[in-house]
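J.: Pasting in a structure now, in structure tokens, and then I'll have a few things to ask.
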Amino acid sequence: AEGIPYTVPARVDSSTVSQADADAKAQARLSSEGQAYANANGICRYYNTAQTDTFQRNNCEPGGTGSRIPYTVIARRDSSSVSQADADAIARARLLVEGQARANAIGICTYYNVTQSGTFTKQYCGPGGVGSSLDYTVAAGRFSSTISQSDADAQARAALQTEGQAYVNTNGTCIYPIRPMAAGTSATYLLFGSNQLTLTAGAGVALTFLSNGSVTGEGSEVALTASLATGYGFEGWSNGTAILSTAQAYTTRIKGAVSLTAATYLVPYTLTVNTGTGTTTVTKHYRDIITYTANPPRGQQLSHWTTEGITIPNAVSGTFSMPARNVTLTAHFKPATLTVSNIEPVDYNAGVYTPTPEVKDGTAVLTKDVDYTLSYANNINAGTATITVTGINDYANSTVQTPTFTISPIRVTLTGISPQSKVYDGTTAAPYSGTPVLSGVIGSDDVRIGNFTSAFDSKDRGTPPVRFTVTLIGAQKDNYWINPLVVHGVAITPA
């Protein structure tokens, strides 16, 4: 509490004893009345206790982390006439403002690196070697800076370059590529140090060493793969004295000079053929040229082939390249289709025409009455005659063409008449002398003159042609034909 002044005025108290007694009375009054006056009129004042806390700087650039700074408001720095708690609250408010300001003024901003990653290639491989690549990462927060974020990241990048290269140099591998090799070739590869590998691909075999055939690191292992061409089998990897492995994928350890041969063999395949004269089975190899010919029994021809393992044209004979599998060919047959030669047209002669065509089975000429018979229809009169070819014996079920041939009508002529001149009469009628007769009719054929006309081509005077026109009648008339008889030099004179 704050002190309150109080005064006992002079001459309030008196004494008959002495001045000191009078002053003692006044002092007694002062003590009694002064305290009562202070208690009635004085003020209570409260002072803060010490207030302490830690504050983190909060005005760093993006990415920065502020340091923590302690700050104290000393005891009795602030007061209150209300209460002790109010005095402490005033001091606490001061602490928050002044403490954060102090931290922002003298605190340190720390920046931590973000993750830095890169890919590095192994160095210092031997001649022909290619270093492998590995990823390396500097973790976030490993490096710090009180300068800036970029400075922290720069420290991490510097470490990435140094440590990343060292890491791949230690843990990476050196790859010594082995290129694919053609069939029947050899190659020697200088690997690392004095180590070398001589490889030989089996003759006549498409053998490939794949990309994983390589020497890795500074060790001495080589992974090889033999890729066989179609139709070849793998005997194994040989070192010249023994087969080391029969697996196409093989890993060998190289120390000094090593020689390996990929030994192979032609895979045998079975060819079974039935061409019509029995079944034969032979051994063939991939890409062998196979010739086949069907041998149909007499009176039959190839119908089709049934096959397993290959497809071939439906031809009597052919060739194919043997595939890398077993093959079966079986010929199937059907009755032969016979061909008949063409027959030239003939002229009507009132007789029976029985020409003998040539009948063939393919290119083979067949024999009449042994392999086939002939019969005829419409083979006397003019028109189209038909020959029926019927297979017999081995050809009893054969399919045969039905040939035809032509019997042509023959020409007859008109004789026995002569045209006569006339005086102009305004018509085309032409006079004549004699009796018209048909010339060229064979034997007793019933062919006669039907309609007969005689006319000039013009009614005018002069010498127009005279035309005798005849139609034929009779039972055999269709076996003959006749043209008009035209006569020149006959005159129509003026009237």
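J.: Looking only at the range 122-142, decide whether some residue is at negative phi, more than 48 Å from the chain's Cα centre (by Cα) and small (Gly, Ala, Ser).
T.: Looking for residues that are at negative phi, more than 48 Å from the chain's Cα centre (by Cα) and small (Gly, Ala, Ser), one finds none in the range 122-142, hence no.
J.: May I ask you to list the residues in the range 416-473 that are charged (D, E, K, R) and either farther than 16 Å from THR493 by Cβ or not in a loop (DSSP other than H, G, I, E, B) (or both)?
T.: Passing the criteria: LYS422, ASP445, ASP446, ARG448, ASP457, ARG467.
J.: How about the range 400-415: which of its residues are assigned to a strand (DSSP E or B) and within 30 Å of VAL359 (Cα to Cα)?
T.: VAL400, THR404, PHE405, THR406, ILE407, SER408, ILE410, listed by residue number.
J.: Same structure, new question: Between THR356, THR384, which is without any contact (Cβ under 8 Å) to a residue 24 or more places away in the chain, out of contact with any Asp or Glu (no Cβ under 9 Å at 6 or more places or on another chain), outside any loop (DSSP other than H, G, I, E, B) and farther than 25 Å from SER303 by Cβ?
T.: Of the residues listed, the single one that is without any contact (Cβ under 8 Å) to a residue 24 or more places away in the chain, out of contact with any Asp or Glu (no Cβ under 9 Å at 6 or more places or on another chain), outside any loop (DSSP other than H, G, I, E, B) and farther than 25 Å from SER303 by Cβ is THR384.
J.: Working carefully through the options THR311, THR307, THR293, THR280, find the one that is more than 36 Å from the chain's Cα centre (by Cα) and free of Cβ contacts under 8 Å to residues at least 24 places away in the same chain.
T.: Of THR311, THR307, THR293, THR280, the one residue that is more than 36 Å from the chain's Cα centre (by Cα) and free of Cβ contacts under 8 Å to residues at least 24 places away in the same chain is THR280.
Yes or no, residue by residue, for (1) in contact with a helix residue (DSSP H, G or I) (Cβ under 9 Å, 6 or more places away or on another chain); (2) not β-branched (Val, Ile, Thr):
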site	(1), (2)
ILE4	yes, no
ASP21	no, yes
GLU33	no, yes
ALA50	yes, yes
ASP53	yes, yes
SER80	yes, yes
LEU95	no, yes
TYR111	yes, yes
GLY118	yes, yes
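J.: In addition: Evaluate the following for ALA139: is it crowded, with 18+ Cβ neighbours inside 10 Å, modelled with pLDDT of 95 or more and small (Gly, Ala, Ser)?
T.: no
J.: Can you tell me which residue among ALA26, ALA20 is small (Gly, Ala, Ser), surrounded by 13 or more Cβ atoms within 10 Å (Cβ to Cβ) and more than 30 Å from ASP151 (Cβ to Cβ)?
T.: None of the others qualify; the one that does is ALA26.
J.: Right, here's the next one. Exactly one condition in (1) out of contact with any Ser or Thr (no Cβ under 9 Å at 6 or more places or on another chain); (2) surrounded by 14 or more Cβ atoms within 10 Å (Cβ to Cβ); (3) in a helix (DSSP H, G or I) is not met by GLY34; state its number.
T.: Of (1) out of contact with any Ser or Thr (no Cβ under 9 Å at 6 or more places or on another chain); (2) surrounded by 14 or more Cβ atoms within 10 Å (Cβ to Cβ); (3) in a helix (DSSP H, G or I), only one is false for GLY34: (1).
J.: Looking at the range 85-112 only, could you name the residues that are surrounded by fewer than 13 Cβ atoms within 10 Å (Cβ to Cβ) and either among the β-branched types (Val, Ile, Thr) or within 16 Å of CYS44 (Cβ to Cβ) (or both)?
T.: ALA85, VAL97, ILE106
J.: Let me ask something else about it. Just the residues that are of a type in the set (Ser, Thr, Tyr) and in contact with a strand residue (DSSP E or B) (Cβ under 8 Å, 6 or more places away or on another chain), please, taken from the range 295-340.
T.: Within the range 295-340, SER303, THR306, THR307, SER317, THR319, SER321, THR328, THR330, THR337, THR339 meet the criteria.
J.: Also: Considering the range 119-128 alone, what residues qualify as being closer than 30 Å to SER148 by Cα and surrounded by fewer than 16 Cβ atoms within 10 Å (Cβ to Cβ)?
T.: Scanning the range 119-128 gives a single hit, THR119.
J.: While we're here: Scan (1) among the acidic types (Asp, Glu); (2) modelled with pLDDT under 80; (3) assigned to a strand (DSSP E or B) for the single condition GLU218 breaks and write down its number.
T.: Checking GLU218 against (1) among the acidic types (Asp, Glu); (2) modelled with pLDDT under 80; (3) assigned to a strand (DSSP E or B), the one that fails is (3).
J.: If you take the residues in the range 54-64 that are surrounded by 14 or more Cβ atoms within 10 Å (Cβ to Cβ) and on the phi < 0 side of the Ramachandran plot, which one is farthest from the chain's Cα centre (by Cα)?
T.: That would be PHE55.
J.: Next question, about the same structure. Restricted to the range 474-483, and to residues that are not in a helix (DSSP H, G or I) and not hydrophobic (A, V, I, L, M, F, W, C), which residue is nearest to THR406 (Cα to Cα)?
T.: By that ranking, first place goes to TYR480.
J.: Could you look through the range 228-245, keep only residues that are buried (at least 17 other Cβ atoms within 10 Å of the Cβ) and under 30 Å from TRP305 (Cα atoms), and pick out the one that is nearest to the chain's Cα centre (by Cα)?
T.: GLY231
J.: Taking the range 38-69 only, how many residues are closer than 30 Å to VAL8 by Cα, in a strand (DSSP E or B) and of a type in the set (Lys, Arg)?
T.: Summing the residues that are closer than 30 Å to VAL8 by Cα, in a strand (DSSP E or B) and of a type in the set (Lys, Arg) in the range 38-69 gives 0.
J.: Then there is this: Provide a single number: the residues in the range 394-415 that are surrounded by 13 or more Cβ atoms within 10 Å (Cβ to Cβ) and either aliphatic (A, V, I, L, M) or under 60 Å from the mean Cα position of the chain (by Cα) (or both).
T.: Of the residues in the range 394-415, 11 are surrounded by 13 or more Cβ atoms within 10 Å (Cβ to Cβ) and either aliphatic (A, V, I, L, M) or under 60 Å from the mean Cα position of the chain (by Cα) (or both).
J.: A follow-up question, please. Would you pick out the residues in the range 416-471 that are free of Cβ contacts under 8 Å to residues at least 40 places away in the same chain, touching a Pro at 6+ places or on another chain (Cβ under 9 Å), β-branched (Val, Ile, Thr) and surrounded by 16 or more Cβ atoms within 10 Å (Cβ to Cβ)?
T.: Across the range 416-471, the qualifying residues are THR428, ILE449.
The values are calculated or read from the model by the stated rules, or taken from the named source; none is laboratory data. Source: prediction; values computed, not measured. Cβ coordinates were reconstructed from backbone atoms using ideal geometry, including for glycine residues, and neighbour counts include every protein chain displayed.
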